[in-house]
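Coordinate-derived values only; no laboratory data. Quantities reported herein were computed from a predicted structural model and do not represent experimental measurements. FYI the Cβ positions are ideal-geometry reconstructions off the backbone, even for glycines, and counts take in every protein chain you see.
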Amino acid sequence: MAKIKKKIKTIKVDADKCNGCRSCEIICSSFHATPKYSLSNPARSRIQVIRHPIQDIWVPVFAGEYTPAECMGRDKYIINGKEYDECGFCRAVCPSRDLFKEPDSGLPLKCDMCEGEEKPLCVEWCLNDVLIFEEREEEVDEEEEQRLEDMEIGLEALADKYGLDKLKEALSRMTKD
Amino acid sequence: MRYAETGYNLEIDLATGNIERVETDPKLMELHLGGLGTSVKIHWDRVPPETTAFDPENLMVIATGLLVGTPAFSCNRTIISTISPQTGLLAYPMMGGFFASELKHAGYDKVIIRNKSPKLVYLYINNDKVELRDAAHLKGKGAVETCELIRQELNQPNAQVAAIGLAGENRVWFASIEQGRSSCSRQGAGAVMGDKGLKAVVVRGTKDINLADGAKFMEHMKDITAYINFRNENPLPGIQPIMAGIGSPQEMLHVDEAWHTTGFAWGNARVRRKDFWTEEIAKSWETTQHEAVKRLISCYNCPQQCGALITYKDVPAYFMKCFSKLTYTMAAYVEDLDFAFRIAHRAFNYGLDSFSTPQVLAFAVELYEAGILTDEDMPGFPPGNEDRFYYLLDKVARREGIGDILAEGTYGAARKIGKGAEKFDHNTTKKHEQMNVKLGMMDPLYYIMYATNEKISITQIEGNWPQSPFPTMEQREEFVRDWPQLPDEKFKKYFLDWEPRGEMANPYYPTPDIASEIVDWMDTIHNIDDALGFCAGMASFCLKPPYHINNYWKLISAATGMQVDKDEVVRKVKRSRHLHRAYNVLRGMRRADEKPPEDHWKKRFPEIEEKLLDAYYKHKGWNNDGIPTRKTLEEYDLGYVADELERRGILKDGQD
């Protein structure tokens with residue numbers, strides 16, 4: 001398979017610095033609203049601060065890939081005496097939890113690094129430098145280059161739930177006339 | 001569609017268990033904005049002056065600020081208003097944290113609670129699903145503990161909980177409502193909640209808050225963010241560290257407490273210890289604080305970190321913020337900061353105001369030492385300062401023995417105890433414990449603020465004007481050079497003219513008229529914050545803050561779609577302010593009550609003080625008894641208030 005050079009964007013999370021304000025959640029939901037900034041709602045955010053304040057746990061996690069099935073190996077981590085939930089650091093949008101699902105439809109949400117902006121808005125709005133934007137070049141397989149848009153991620157989830165045929169039928173009914 | 005606000009309140013009748021979601025009149029936002037403003041209107045309309053704190057008809061209104069839930073940094077206030085058992089006036093303690101935003105995202109601007117539940121319950125709000133649940137198993141549980149227990153029992157780790165502890169259940173007049181990391185503390189709102197049989201309010205919300213012009217709103221926020229970053233990198237020069245930054249005083253971060261410990265009064269607000277802060281103390285306190293503070297933490301959508309997670313030795317983890325680090329320590333005359341991190345945990349779990357409580361306990365210790373309270377009143381009263389405070393704290397929260405009397409606060413307890421105890425109640429105004437400060441020369445600004453503030457709490461009116469004049473003209477010129485927060489350029493001259501000594505110094509300057517202008521501005525911006533939900537630490541209680549009288553209007557316009565300018569915002573807030581004053585006047589408050597503590601300053605000037613009140617009342621549009629005149633009320637569309645004051649014979653027909 002042909003290799004191409006690609007800019008990989010990611011967010012490094014320095015969780016030790018997190019003070020739990022959730023500004024990242026707010027600005028994310030606001031930026032991704034239509035029209036842009038027309039609302040705010042942390043429940044719609046593609047970054048969530050996993051928090052158990054009394055146990056000193058604040059971990060910002062940004063939404064990764066959608067997956068239709070739960071994973072097998074659920075791990076527990078104890079770090080510096082703190083026990084993190086089994087899914088504590090996981091970025092996947094999976095059936096085992098409510099995280100990163102659009103509250104109205106339940107469809108998966110995925111971080112898009114605020115495409116078009118200089119850097120992701122959560123990074124810009126975290127005034128305490130918990131979130132650090134990183135860009136690096138990597139060689140990747142050409143095929144992987146495809147990016148799924150928001151709606152495609154949602155459709156993929158619907159296809160997983162109802163089957164592609166039913167989804168097709170529904171779409172063709174809706175697009176008649 | 002409603003913008004910024006949700007447009008709905010929850011009405012809860014605890015006697016019948018009836019729950020209603022009620023759409024609010026959009027006109028109310030136009031008249032009073034939201035938060036405290038619209039809450040005052042509810043109390044005026046629905047709770048007559050005959051109603052006392054523990055009557056079923058007393059409402060407890062849990063309100064969110066108008067801009068809470070928008071992307072505006074540090075806008076997260078919950079304002080709980082109710083008739084105070086201590087003062088008989090409208091109490092409105094506020095808290096930061098995460099409760100108000102969650103409530104708004106659940107779809108409600110306010111929760112209005114009336115009547116009493118026959119058994120202990122908690123209210124669970126999960127978006128549209130609202131229910132009262134049995135809380136028998138939580139009876140007597142600590143407030144902080146209760147928050148965690150409820151989250152677990154509902155399997156809602158992200159729900160926000162505001163709960164009372166034993167003190168609230170027992171109707172201690174200075175009981176607080178605790179949210180784990182913040183609290184509504186002043187004037188006994190926790191006692192009212194306990195009296196209503198409500199252990200906690202739990203909320204989870206996942207709905208949108210809409211903005212009328214979000215893009216514009218974010219443009220303004222960009223400017224404000226740049227200023228926040230600037231101020232965090234550049235503390236104000238020549239100001240003590242605790243006041244030089246933005247946010248609430250950073251008591252969890254800063255270890256240098258020279259200013260508080262040598263400038264404020266110890267014990268029952270008695271003694272200034274000017275030589276307390278030695279190198280040895282500084283070292284010991286720094287070690288203890290660093291051991292206790294596990295992590296600095298923020299409130300919802302705030303870049304500052306005024307709170308902390310405390311994990312100290314064998315004390316269970318809890319949260320602390322601000323001045324509670326010092327109040328118990330100083331009131332008990334304990335020099336080891338270890339005590340602060342231990343007793344605060346117990347006090348927060350009881351759900352007690354860490355401002356009033358230490359003063360009440362110190363007052364009891366003084367009465368014991370003076371022989372007014374004896375071993376008969378306090379069997380087994382220990383000799384050590386720390387043990388005495390734990391002893392009294394337990395008694396008060398449980399209302400056991402002497403604690404049952406002390407539970408009414410310094411003023412109330414002094415009158416119940418008698419035998420000269422009244423003389424030891426020397427630091428209250430309108431029956432409420434004041435800041436533990438005793439100073440030399442009467443200060444015109446602080447005179448007016450202590451006397452007239454509707455919250456009866458100095459930190460809720462002071463803040464934007466430096467506490468004392470700067471010694472040199474160079475310093476003053478430097479300070480006024482960049483001061484866009486001022487309402488008018490002429491204030492710069494007031495500051496330049498203000499001298500530490502002589503004719504242009506306290507008590508003669510600022511003159512009554514100038515002092516009135518300065519205090520009225522600060523009073524107004526506090527009230528704007530309380531309507532919008534901004535943390536005072538980022539606005540009205542902060543020197544040169546990010547939010548101020550010249551930029552609130554931009555955010556309000558963009559968020560709500562209601563086009564307002566600076567003057568219109570001030571007008572709306574003053575409307576609520578006059579209504580608030582009139583409401584307390586209905587409840588009996590008069591000029592005679594508007595007095596800072598007798599010994600607040602050594603040097604008093606009765607003639608000047610009278611002139612200060614005369615001038616301030618006049619400036620406010622109130623008559624000489626501190627009552628809004630009909631003319632003023634009508635000017636602010638409050639003719640119905642004037643009618644009511646006249647009907648009750650408080651304003652005389654044809655006068656004013």
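Given Cα pairs under 8 Å that are at least 6 residues apart, what percent is the relative contact order of the stretch A:3-143?
The value is 36 percent.
When only Cα pairs under 8 Å and 6 or more residues apart are kept, what is the percent relative contact order across the stretch B:297-414?
Once normalised by length, the contact order is 17 percent.
Using just the helices of chain B, give the 222 nm mean residue ellipticity in deg cm²/dmol: DSSP H runs with n ≥ 4 each add -39,500 (n - 2.57), and the total is spread over all residues, rounded to 500.
-12000 deg cm²/dmol
Residue separation times 0.36 nm, minus the C-alpha to C-alpha distance between A:Arg97 and A:Lys119: what's the value?
Contour length minus Cα-Cα distance gives 5.1 nm.
Once you average over the residues of A:49-55, how many Cβ atoms of partner chains fall within 10 Å of each Cβ?
Counting Cβ atoms of other protein chains within 10 Å of each residue's Cβ and averaging gives 5.
Could you grab the Rg to Rh ratio for the stretch B:439-647? Cα atoms only, Kirkwood for Rh.
Rg/Rh for the stretch B:439-647 comes to 0.97.
Which distance in nm do the two modelled labels at A:Glu65 and B:Lys493 give, with both placed 7 Å along the Cα-to-Cβ direction?
7.1 nm
What is the angle, in °, between the Cα long axis of helix A:164-175 and the longest principal axis of the Cα atoms in chain A? Nearest 10 is fine, range 0 to 90.
Relative to chain A, helix A:164-175 is tipped by roughly 70 degrees.
What is the extension gain from B:Lys283 to B:Arg501, computed as 0.36 nm multiplied by their sequence separation minus the C-alpha to C-alpha distance, in nm to one decimal?
Roughly 75.0 nm would be gained on extension.
Just check the stretch B:570-656 against the gyration tensor rule for me: Cα atoms, a ≥ b ≥ c as the square roots of the eigenvalues, rounded for a/c under 1.5, and otherwise prolate or oblate depending on whether a/b exceeds b/c.
Prolate.
Using a 10 Å cut-off on Cβ atoms, rank the peptides B:302-309, B:160-167, B:2-9 from the highest mean neighbour count down.
The most tightly packed comes first, giving B:160-167, B:302-309, B:2-9.
Looking at the stretch A:3-143, send over the antiparallel percent of its DSSP beta bridges, to the nearest 5.
Counting DSSP beta bridges with both partners in the stretch A:3-143, the antiparallel share is about 95 percent.
Which one, A:Gly154, A:Phe62, B:Gly403, projects farthest toward the positive side of the charge dipole computed for the protein assembly as shown from Cβ point charges (K/R +1, D/E -1)?
Sorting the options by dipole projection puts first B:Gly403.
Expressed as a rounded percentage, what relative contact order does chain B have, with Cα pairs under 8 Å and six or more residues apart?
15 percent
Under the classification rounded if a/c is under 1.5, otherwise prolate if a/b is larger than b/c and oblate if not, where does chain B fall, given a ≥ b ≥ c as square roots of the Cα gyration tensor eigenvalues?
Taking the square roots of the gyration eigenvalues as a ≥ b ≥ c, chain B is rounded.
Between B:His137 and A:Ser105, what is the FRET efficiency for a Förster distance of 35 Å, r being their Cβ-Cβ separation, to the nearest 0.05?
It comes out at approximately 0.40.
Might you report the magnitude of the Cβ-based charge dipole of the stretch B:391-522 about its Cα centre, with Lys and Arg at +1 and Asp and Glu at -1, to the nearest 20 debye?
Taking the Cα centre of the stretch B:391-522 as origin, the dipole is about 820 debye.
Bins of 10 Å, beginning at zero and ending with the bin holding the largest distance: percent of Cα pairs per bin for the stretch B:241-429, please.
Binned Cα distances yield the sequence 9, 35, 34, 18, 3, 0.
Using only Cα atoms and rounding to the nearest 10 degrees, what angle (0 to 90) does helix A:150-162 make with the longest principal axis of chain A?
Approximately 70 degrees, to the nearest ten.
Using a 10 Å cut-off on Cβ to Cβ distances, tally the other chain neighbours for every residue of A:126-138 and report the average as a whole number.
1
Using a Förster distance of 22 angstrom, determine the FRET efficiency expected from the C-beta separation of B:Gln563 and B:Lys27, and round it to 0.05.
0.90
At R0 = 56 Å, how high is the FRET efficiency between B:Leu236 and A:Lys3 if r is their beta carbon distance? Nearest 0.05 is fine.
0.50
Multiplying the sequence separation of B:Trp483 and B:Met1 by 0.36 nm and subtracting their Cα-Cα distance, what value in nm do you get?
169.7 nm
Please compute the average number of Cβ atoms from other chains found within 10 Å of each residue's Cβ in peptide B:212-218.
So the per-residue partner count for this stretch is 4.
What shape does the stretch B:138-274 have by the C-alpha gyration tensor, where a ≥ b ≥ c are the square roots of the eigenvalues, rounded means a/c under 1.5, and otherwise prolate means a/b greater than b/c and oblate the rest?
oblate
In what sequence, highest mean first, do B:121-132, B:496-507, B:72-83 appear when ranked by Cβ atoms within 10 angstrom?
Going from most to least packed, we get B:72-83, B:121-132, B:496-507.
What do the square roots of 5 times the Cα gyration tensor eigenvalues come to for the protein assembly as shown, in whole Å, largest first, as semi-axes of the equivalent ellipsoid?
45, 30, 28
Given labels modelled 7 Å from the Cα in the Cβ direction, how far is it in nm from B:His290 to B:Asp614?
5.7 nm
Can you tell me which of B:360-366, B:446-452 comes out highest on packing, and rank the rest after it, using the mean Cβ neighbours within 10 Å?
B:360-366, B:446-452
Mind checking which lysines have their C-alpha under 18 Å from B:Lys129, skipping anything on the same chain fewer than 8 residues away?
Output for B:Lys129: B:Lys104, B:Lys110, B:Lys207.
At 7 Å along Cα-to-Cβ for each site, give me the label-to-label distance between B:Glu646 and B:Asp314 in nm.
The two pseudo-label positions are separated by 6.9 nm.
Please give me the summed charge of the neighbours of B:Thr70: other residues whose Cβ is under 15 Å from its Cβ, Lys and Arg +1, Asp and Glu -1.
Every neighbour counted, the sum reads +2.
Hey, which of these cross-link pairs are over 24 Å Cα-Cα: A:Lys6/B:Lys222; B:Lys544/B:Lys611; B:Lys141/B:Lys430; B:Lys321/B:Lys595; B:Lys222/B:Lys566; B:Lys490/B:Lys544?
Among A:Lys6/B:Lys222; B:Lys544/B:Lys611; B:Lys141/B:Lys430; B:Lys321/B:Lys595; B:Lys222/B:Lys566; B:Lys490/B:Lys544, the Cα-Cα distance tops 24 Å for A:Lys6/B:Lys222; B:Lys544/B:Lys611; B:Lys141/B:Lys430; B:Lys321/B:Lys595.
Within a Cβ distance under 13 Å of B:Pro26, other residues only, what is the Lys/Arg minus Asp/Glu net charge?
-3
Got a sec to turn the phi values of the stretch B:198-212 into Karplus ³J(HN,Hα) couplings, 6.51 cos²θ - 1.76 cosθ + 1.60 with θ = phi - 60°, whole Hz, x for Gly and Pro?
Each residue of the stretch B:198-212 in turn: 10, 7, 7, 10, 10, 9, 9, x, 9, 9, 7, 10, 9, 10, 5 Hz.
When all alpha-carbon pairs of chain A are counted, what percent fall beyond 23 Å?
50 percent
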